[in-house]
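Q: This structure is in structure tokens; I'll ask about it shortly.
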Amino acid sequence: MQLTDEETRMLNGEQGYATQKSMEILVALGEIFGADRMVKIGSAQISGVSYHNLGDAGLEYLETLAKGGGRARVMATLNPAGMDLENWEALGIDEDFAGKQSHIIDTYERLGIIPSCTCTPYLIGNMPLYGEHVAWSESSAVTYANSVIGARTNREGGPSALAAALTGRTPNYGMHLTENRQAHVIVQVEPELRDVPDFGALGYAIGKKLGNEIPLMTNVKHASLEELKSLSASIATFGGTPLFHIEGLTPNITTHPTEKIIVEIADLKAAETALNDENAELDFVSVGCPHLTLKEIERIASLLYEKRVKVEFWLATARHTKDLAEKLGYVRVIEAAGAKFACDTCMAVAPLKGRFKTLATDSAKACYYGRGSNDFRTKFGSLERCVEAALTGKWS
Ligand code: F3S
């Protein structure tokens with residue numbers, strides 16, 4: 001790899017231990033993937049925040065970097081943590097876990113990382129420009145950044161995203177290169193897509209059919225931010241591609257592949273069936289995967305107005321979004337109904353194994369992680385169905 005003089009000084013340790021360690025990680029990655037050089041990045045988004053995933057070894061590594069003078073050189077935000085940083089007791093998190101989690105967040109702050117703790121950084125001010133190189137790690141956010149915004153990022157691991165934040169650089173390979181961002185297969189989408197779960201089911205169907213090949217979807221007439229957020233999450237979860245194109249909707253320019261497949265209504269139905277377990281006894285409803293927008297919170301408030309939930313109901317969102325919802329009066333209505341905000345966290349990264357049996361959600365990705373991380377059975381449907389389930393204790 002060709003390094004600039006400054007990058008060489010970083011690698012030689014002239015800018016401190018943390019910068020040196022970070023540059024070593026990036027150079028090793030670049031050499032593995034055949035990068036020719038580093039590119040400067042506009043921002044970083046770092047996963048590996050929950051104590052549930054990071055553990056003591058991860059915390060120790062962060063401490064070493066903080067003691068070694070590490071400091072973010074670009075805007076850098078955090079993925080969700082294992083708990084609501086202010087309201088963890090109400091969500092049933094134990095004190096030991098809370099202490100370790102707070103220590104992790106403090107250490108990231110010492111490194112100059114913004115403790116935003118959200119998987120939708122683009123909703124709270126970490127918003128790249130079209131064509132800008134960034135180093136993000138949360139898969140749904142990576143796919144949204146590449147596909148909907150037109151920024152350029154690989155799906156970083158937590159350590160490489162942190163190394164990029166501390167140096168302001170990332171190796172130039174993969175999604176940073178124009179030739180790797182071209183569509184492989186045209187996907188003609190036959191059904192009309194009506195709501196967020198339809199887009200989640202579409203991501204499931206395409207992911208299962210194409211794996212990590214990049215689709216160019218045609219015949220999708222419109223899509224809201226919330227629907228594209230859901231599609232980004234599910235296509236990355238069930239397939240692995242960090243980029244999709246939608247003709248007429250997404251901004252990237254791509255060549256037109258010759259291979260073509262069709263997604264039919266039966267494919268969406270099959271996705272829905274696969275994500276709905278039979279005979280599941282509902283005891284937990286959680287929406288906000290990826291984190292809720294203000295518009296979604298407004299909708300939930302209108303559905304819960306002067307009502308009372310019967311089962312545990314969590315709304316996962318960024319604290320910044322909740323603060324706005326508070327100003328608009330939505331939080332008061334939602335909490336009066338007995339629902340709980342889970343800011344800074346979500347049902348996948350919080351330590352919930354054994355606490356609930358069945359999760360109802362409007363997110364295909366939440367079904368995948370609810371099953372995998374927490375052994376939940378799952379019910380998958382619209383936001384309206386989820387709120388109804390929370391109010392009645394039944395899935396209808
Ligand atoms: Fe976000 Fe958690 Fe879903 S990190 S994308 S809410 S699994």
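The values are calculated or read from the model by the stated rules, or taken from the named source; none is laboratory data. Note that the coordinates shown come from a computational prediction; the quantities given were computed from them, not determined experimentally. All Cβ positions, glycine included, derive from the backbone under ideal geometry; neighbour counts span all protein chains shown.
Q: Select from region 141-196 the residues that are buried (at least 24 other Cβ atoms within 10 Å of the Cβ), farther than 18 Å from P215 by Cβ and polar (S, T, N, Q) and list them in ascending order.
A: Answer for region 141-196, where residues must be buried (at least 24 other Cβ atoms within 10 Å of the Cβ), farther than 18 Å from P215 by Cβ and polar (S, T, N, Q): T153, N154, T167, T170.
Q: Does E306 meet the test of being at negative phi and surrounded by fewer than 19 Cβ atoms within 10 Å (Cβ to Cβ)?
A: The answer is no for E306.
Q: Please specify each residue of region 69-112 satisfying the condition of being within 16 Å of the ligand (Cβ to nearest atom), touching a Phe, Trp or Tyr at 6+ places or on another chain (Cβ under 8 Å) and under 23 Å from T19 (Cβ atoms).
A: L78, I104
Q: How about region 295-319: which of its residues are within 16 Å of the ligand (Cβ to nearest atom) and touching a helix residue (DSSP H, G or I) at 6+ places or on another chain (Cβ under 8 Å)?
A: E296, I297, I300, F313, W314, L315, T317, A318
Q: So, in region 148-158, of the ones that are within 15 Å of the ligand (Cβ to nearest atom) and part of a helix (DSSP H, G or I), which residue ends up farthest from G34 (Cα to Cα)?
A: The qualifying residue farthest from G34 (Cα to Cα) is V148.
Q: Looking only at residues that are under 23 Å from A274 (Cα atoms) and in contact with a strand residue (DSSP E or B) (Cβ under 8 Å, 6 or more places away or on another chain) in region 341-351, which one is farthest from the ligand (Cβ to nearest atom)?
A: M347
Q: Would you confirm, using the coordinates I've provided, whether K322 is free of Cβ contacts under 8 Å to residues at least 60 places away in the same chain and touching a helix residue (DSSP H, G or I) at 6+ places or on another chain (Cβ under 8 Å)?
A: Against the criterion (free of Cβ contacts under 8 Å to residues at least 60 places away in the same chain and touching a helix residue (DSSP H, G or I) at 6+ places or on another chain (Cβ under 8 Å)), K322 qualifies.
Q: Note down all Cβ pairs under 8 Å where the first residue falls in region 131-142 and is within 19 Å of Y204 (Cβ to Cβ), the second is of a type in the set (A, V, I, L, M, F, W, C) and within 12 Å of the ligand (Cβ to nearest atom), and they're at least six residues apart or on different chains.
A: Filtered contacts from region 131-142: E138/C119; S139/A233; S139/A236; S140/C119; S140/A233; S140/A236; A141/C119; V142/A236.
Q: Ok, one more. Are any of the residues in region 361-382 among the aliphatic types (A, V, I, L, M), modelled with pLDDT of 95 or more and more than 14 Å from the ligand (Cβ to nearest atom)?
A: Scanning region 361-382, I find no residue that is among the aliphatic types (A, V, I, L, M), modelled with pLDDT of 95 or more and more than 14 Å from the ligand (Cβ to nearest atom), so the answer is no.
Q: So in region 364-385, with the set limited to residues that are out of contact with any Phe, Trp or Tyr (no Cβ under 8 Å at 6 or more places or on another chain) and closer than 21 Å to S302 by Cβ, which one is surrounded by the most Cβ atoms within 10 Å (Cβ to Cβ)?
A: This residue is L383.
Results for (1) among the charged types (D, E, K, R); (2) over 27 Å from the mean Cα position of the chain (by Cα), shown as yes or no for each residue.
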{"site": "E259", "(1), (2)": "yes, yes"}
{"site": "D267", "(1), (2)": "yes, no"}
{"site": "A271", "(1), (2)": "no, no"}
{"site": "A274", "(1), (2)": "no, no"}
{"site": "E281", "(1), (2)": "yes, yes"}
{"site": "T293", "(1), (2)": "no, no"}
{"site": "S302", "(1), (2)": "no, no"}
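Q: Follow-up question, since we're still on this one. Among the residues of region 325-340, which ones are in contact (Cβ under 8 Å) with a residue 12 or more places away in the chain and either within 16 Å of the ligand (Cβ to nearest atom) or basic (K, R) (or both)?
A: K340, the sole residue that qualifies.
Q: Taking region 119-138 on its own, how many of its residues are in contact with a Ser or Thr (Cβ under 7 Å, 6 or more places away or on another chain), within 15 Å of the ligand (Cβ to nearest atom) and under 25 Å from Y368 (Cα atoms)?
A: 6
Q: Of all the residues that make up region 1-42, how many are buried (at least 17 other Cβ atoms within 10 Å of the Cβ), among the β-branched types (V, I, T) and in a loop (DSSP other than H, G, I, E, B)?
A: Result for region 1-42: 1.
Q: Residue by residue through region 43-90, note down the ones that are assigned to a helix (DSSP H, G or I) and of a type outside the set (A, V, I, L, M).
A: Residues satisfying the conditions are Y51, H52, N53, G55, D56, G58, E60, Y61, E63, T64, K67, E89.
Q: If you don't mind, another one. Answer yes or no: is there a residue in region 305-317 that is touching a residue at least 40 places away in the same chain (Cβ under 8 Å) and in contact with a Phe, Trp or Tyr (Cβ under 6 Å, 6 or more places away or on another chain).
A: yes
Q: Pick from I105, I93: which is outside any loop (DSSP other than H, G, I, E, B), closer than 30 Å to R355 by Cα and not hydroxyl-bearing (S, T, Y)?
A: Among I105, I93, only I105 is outside any loop (DSSP other than H, G, I, E, B), closer than 30 Å to R355 by Cα and not hydroxyl-bearing (S, T, Y).
Q: Are any residues in region 184-216 in a loop (DSSP other than H, G, I, E, B), in contact with a strand residue (DSSP E or B) (Cβ under 9 Å, 6 or more places away or on another chain) and of a type in the set (A, V, I, L, M, F, W, C), and if so, which ones?
A: Residue satisfying the conditions is I214 alone.
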